[in-house]
1. Among G195, G177, G111, which one shows the biggest mean-square fluctuation in a GNM of the chain, springs joining Cα atoms closer than 10 Å?
2. Just to be sure I follow: if Rg is taken over the C-alpha atoms of the stretch 150-230 and Rh is the Kirkwood radius over the same atoms, what is Rg/Rh?
3. At a temperature of 25 °C and a viscosity of 0.890 mPa s, determine how fast the stretch 1-57 diffuses translationally according to Stokes-Einstein, using the Kirkwood radius over alpha-carbon pairs as Rh; express D in µm²/s, rounded to the nearest whole number.
4. Work out, step by step, the length gained on full extension between L52 and E66: first 0.36 nm times the residue separation, then minus their alpha carbon distance; give nm to one decimal.
5. On a 0 to 90 degree scale, rounded to 10, what angle separates helix 160-169 from the longest Cα axis of the chain?
6. Helix 50-66 against the longest principal axis of the chain: what's the angle in degrees, Cα atoms only, rounded to the nearest 10?
7. Using θ = phi - 60° and the Karplus form 6.51 cos²θ - 1.76 cosθ + 1.60, what ³J(HN,Hα) does each residue of the stretch 199-214 get, whole Hz, x for Gly and Pro?
8. Where is the GNM fluctuation largest for the chain (alpha-carbon springs, 10 angstrom cutoff): A164, A75, A186?
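Nothing in this text is a laboratory measurement; each read-out follows from the coordinates by a stated rule. Please read all numbers here as calculations on a predicted model, not as lab measurements. Cβ coordinates were reconstructed from backbone atoms using ideal geometry, including for glycine residues, and neighbour counts include every protein chain displayed.
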Amino acid sequence: MQKRFRSIVVLTGAGISAESGLGTFRDKDGLWTKYDLQEVATPEGFARNPVLVHDFYNARRKNLVEATPNAAHYALAELERRFDGQFLLVTQNVDDLHERAGSTRLLHMHGELLKIRCESCDSVRVWRGDLDLATACPDCGTSGGLRPHVVWFGEMPLYMDDIAAALDTCDLFVSIGTSGQVYPAAGFVAEVRRGGLAHTVELNLDPSDGFSLFAEKIYGPATEVVPAFVTRVLAGG
Ligand code: BJW
C-alpha cells in the first residue's frame, strides 16, 4: 500500500467509541439488546412514547459528557492535520469524540446527540442537559416540539450529497468500527468500488457484514489498529 493517496474518506461507527466507554448497538451487551430500536429510534416510537425516548437520550447525553476520546479518535485527527490531500471523516456516531480529539473536516450523517431540533420551527441548538416534554423551544417558544437532532430509522441521513461527492472522487476509503448493517452507510464501500480506482480498507474488531467487499481488512481494537494504520498512510503519502 506504499502509494501516495490524494483523497481519503474515512467512515466511522460505534466501534471507534467503544473503548471510550460508549456502548455499541449490535454487539453482545449493545444498546439494541437492552432497548427495542422500534420504540426508541424511529419517528413512530417517538410519537407513541416521547417520554421513553427522551429518557433514553437523556441517559446517553449524560454518558457522553463523561466519556473522553481515545487513541483512535486522536489518530484520525492527526491524519487530517498531516495529510496534504483531500480528507473527509464521515461518522455515523452521534457522539462528539471526533471533535474533541481535534477533527474538523467531519460530517455527522446520523446527527448529533448534543443538539436538539424543534419540529415546529426547525431550529437546531446545542443542548447538553436533559430534555422533556415541558421544555420550550428557545427560538419559537413551542413546548413539546423538541427532539434529539439524530437520524432515526426511516429518516434521511444528513449531508448525503457532500458524502456522495467525496466517495466519487476518493482513492482511499477506510471503514472503521461499523457492523455494515445500516444503510446507506453500509453501501458506501460498494459505491466506491463502482468507481474502480480506490483502495478500500476495513478496520474492525470482527469482520462486518460487508467485509468481503473490502480489498484489505485489519482486525483488532480500534485503539490499536487505527493509530498503526494512520502511521502507515502518513509514511506512504
Ligand atoms: C469495534 C470495537 C472496538 C466493537 N474496536 N471495532 C433494507 C435494505 C436496505 C436498507 C433498508 C432496508 N430496510 C430498511 C432500510 C433502511 C434502514 C436500514 O438500514 N435498516 C437496516 C437495519 C436494514 N436505514 C435507514 O432507515 C436510514 N435512512 C434511510 O435509509 O433513508 C432512506 C435513504 C434512501 C437512499 C439514500 C439515502 C437514504 C437511517 C438510518 C438511521 C440509523 N440510526 C441509528 C440511531 C442514531 C441515533 C442514536 O445513536 O440513537 O444510527 S441506528 C444505529 O446504527 C446508529 C448507528 O449510527 C447505526 C450503525 O451502527 P454501527 O455504528 O455500525 O454500530 P454496530 O453496533 O452495529 O456495530 C459496531 C461495530 O463495532 C461492530 O462491527 C463491532 O465488531 C465493532 N467494534 N468494539 C473496533 N473496540
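1. G195
2. Numbers: Rg = 13.0 Å, Rh = 13.4 Å.
Reported Rg/Rh (Cα atoms, Kirkwood Rh): 0.97.
3. Values: Rh = 13.9 Å.
Calculated translational D: 176 µm²/s.
4. On the way: separation 14, 0.36 × 14 = 5.04 nm, distance 2.19 nm.
Extra length from L52 to E66 when fully extended: 2.8 nm.
5. Once rounded, the angle reads 0 degrees.
6. Helix 50-66 sits roughly 50 degrees off the main axis of the chain.
7. For the stretch 199-214, the Karplus curve yields 7, 10, 9, 10, 10, 7, 6, 10, x, 7, 4, x, 4, 5, 7, 8 Hz.
8. Top of the fluctuation ranking is A164.
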